[in-house]
Amino acid sequence: MLTLENLSTADAKRPLAGLNASFEAGRIYTILGRTGAGKTELLRTLIGLDPIRSGAIRLDGADLLHRPVRARQMAMVYQQFINYPHLNALQNVIFPLRRQNVDKATAVARAREALALVGLSDFETRMPSELSGGQQQRVALARAIVKNARILLMDEPLANLDYKLREQLREEFPRLLHKNVDGVILYTTTEPGEAMQLGDEMVVMHDGKIIAHGDPGDLFDNPPNVEVAQLISDPPISVCDGRIFGGMACFTDGSPARLAGGGLHDGTAVRIGIRPDALAIGGDIAARVTLAEFSGSDTILHLQLPFGQAAMLLDGIHEFQPGHGLDVALDAQSLLLFSQEGANITGRIG
C-alpha cells in the first residue's frame, strides 16, 4: 500500500497542501483535476523529482523520502511519449532492464512479453520514427510495465493523441493495467469521462489539495461539494442562486426547483446545481440559446433561462443558432442543492 501522510511541497507554482491518501495494490486510481490542480506535481513528488516541505510517503510502511529515485520502485509514463530515437521498439523496452543489470536473455524475453501485452509483437524492429503516435505511447507504456515497478505513475498519457486513438487506448488500458496486480497505478487526467471509465477509485484535486476520494459512481451521484460536482460532470453542471420558500427550493424568479426537507428555513439562501441531462426539450420553461457546440456525437446547448444560465446535453447533432427560442423541461430529481458555502445538502431534499 502507498500512503501519503500530510504531504506538502514548497513549489511556488503549484504547491501541494497537506495531502492524505492511501492507495492499494492491484487498483487503478484516476486523479482528476483541471490544468494546474497539482496532479503532475503529485506524481513528480512521489517519484522524487520535486522536494517536499513536510509529511511522509510510505510504501508498505517503509519511508520512501530518503530513497533515491532508482530505489523507489516506481515507473512513470509522461504526457509527451518519450522514446529513444536511435533505438528500435524492442531496444527501447530493454533499456531500463539493462540499467538494472538484468542479463540479456532475460531482458529480451521480458521486453517481448511487454510488447506483446500492448499489442506490438510485430513491431519489435521498428524505429520510433516509423511508429504512429499511439504505437509510440504503447512502447513507452511497455517500457514502464517491464520494470515490474510497485508504483506506476501515468501523467495524462493520452492527452496528445487524436480522438480515435484516445478512444481505442481508453478501452484497452484497463486490461493492460490490471495485469500489474501487485502494483499501485495512479493515472492523471483532466477529462471526467476518462476518469470515470478507467478508475477503480477516483481522486479529485483542486488548487493543490485532494477534495474528494472514492468510488467514481458514488462521487458522481453524491459529490461532497459544488467544486467536485462541477469537476466530475462533462459538460460541467450549472449553478443558479435560489432560496427556500414554503418548504421548497426556489430559483430567483420564484419558480420551484424541488421540495426541501427539514432544517432548511424559509429565506435560506441556496445554490441549485443543474446537471446537463436534467434539461430536455419540451416543457414550460422559456429558454434562449446563447451558444451551440458539438462534442463527439452530442450537442451542448448553452441556454439563458428565466433564473440563470445552464447547459443542456442532447444526443446527436442539432443545429441551433444563437438567439433561438425554445421551451424546455427540468427534471427536479436530477438537481443538486448546495449551501452558500458550497457543501452538498441534497440529502436534506425530499
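Structure data summary
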| item | result |
| --- | --- |
| Evaluation of Arg288 against (1) touching a residue at least 24 places away in the same chain (Cβ under 8 Å); (2) in contact with a Lys or Arg (Cβ under 6 Å, 6 or more places away or on another chain) (one fails), failing number | (2) |
| Residues of segment 24-50 that turn out to be out of contact with any helix residue (DSSP H, G or I) (no Cβ under 6 Å at 6 or more places or on another chain), closer than 27 Å to Asp182 by Cα and crowded, with 20+ Cβ neighbours inside 10 Å, as a count | 9 |
| Qualifying residue in segment 176-183 (condition: among the hydrophobic types (A, V, I, L, M, F, W, C), at pLDDT 90 or above, in the same structural domain as Ser132 (by TED's automatic domain parsing) and out of contact with any His (no Cβ under 8 Å at 6 or more places or on another chain)) | no |
| Flag for Val146 being within 18 Å of Ala37 (Cα to Cα), in contact with a helix residue (DSSP H, G or I) (Cβ under 9 Å, 6 or more places away or on another chain) and assigned by TED's automatic domain parsing to the domain that holds Arg14 | no |
| Subset of segment 188-208 [at negative phi and assigned to a loop (DSSP other than H, G, I, E, B)] | Thr190, Glu191, Gly199, Asp200 |
| Answer from Leu169, Leu186, Leu219, Leu161 - the residue that is closer than 18 Å to Val139 by Cα, out of contact with any Pro (no Cβ under 9 Å at 6 or more places or on another chain) and not acidic (Asp, Glu) | Leu161 |
| Selection status of Gly55, farther than 30 Å from Ser129 by Cα and modelled with pLDDT under 90 | no |
| Qualifying residue in segment 200-211 (condition: touching a Leu at 6+ places or on another chain (Cβ under 8 Å), under 25 Å from Gly296 (Cβ atoms) and surrounded by 21 or more Cβ atoms within 10 Å (Cβ to Cβ)) | yes |
| Some residue of segment 53-70 being polar (S, T, N, Q), in contact with a strand residue (DSSP E or B) (Cβ under 8 Å, 6 or more places away or on another chain) and on the phi > 0 side of the Ramachandran plot | no |
| Search result, residues across segment 116-134 that are in contact (Cβ under 8 Å) with a residue 40 or more places away in the chain and crowded, with 17+ Cβ neighbours inside 10 Å | Leu117, Val118, Pro128, Leu131 |
| Candidates Ile211, Ile185, filtered to the one that is within 25 Å of Ala75 (Cβ to Cβ), part of a strand (DSSP E or B) and out of contact with any Ser or Thr (no Cβ under 8 Å at 6 or more places or on another chain) | Ile185 |
| Glu172, sole failed condition from (1) in contact with a strand residue (DSSP E or B) (Cβ under 9 Å, 6 or more places away or on another chain); (2) in a helix (DSSP H, G or I) | (1) |
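The values are calculated or read from the model by the stated rules, or taken from the named source; none is laboratory data. Since the structure is predicted, the reported quantities are computational estimates derived from the model, not experimental observations. Heads up, the Cβs are rebuilt from the backbone with ideal geometry, glycines too, and the neighbour counts pull from every protein chain shown.
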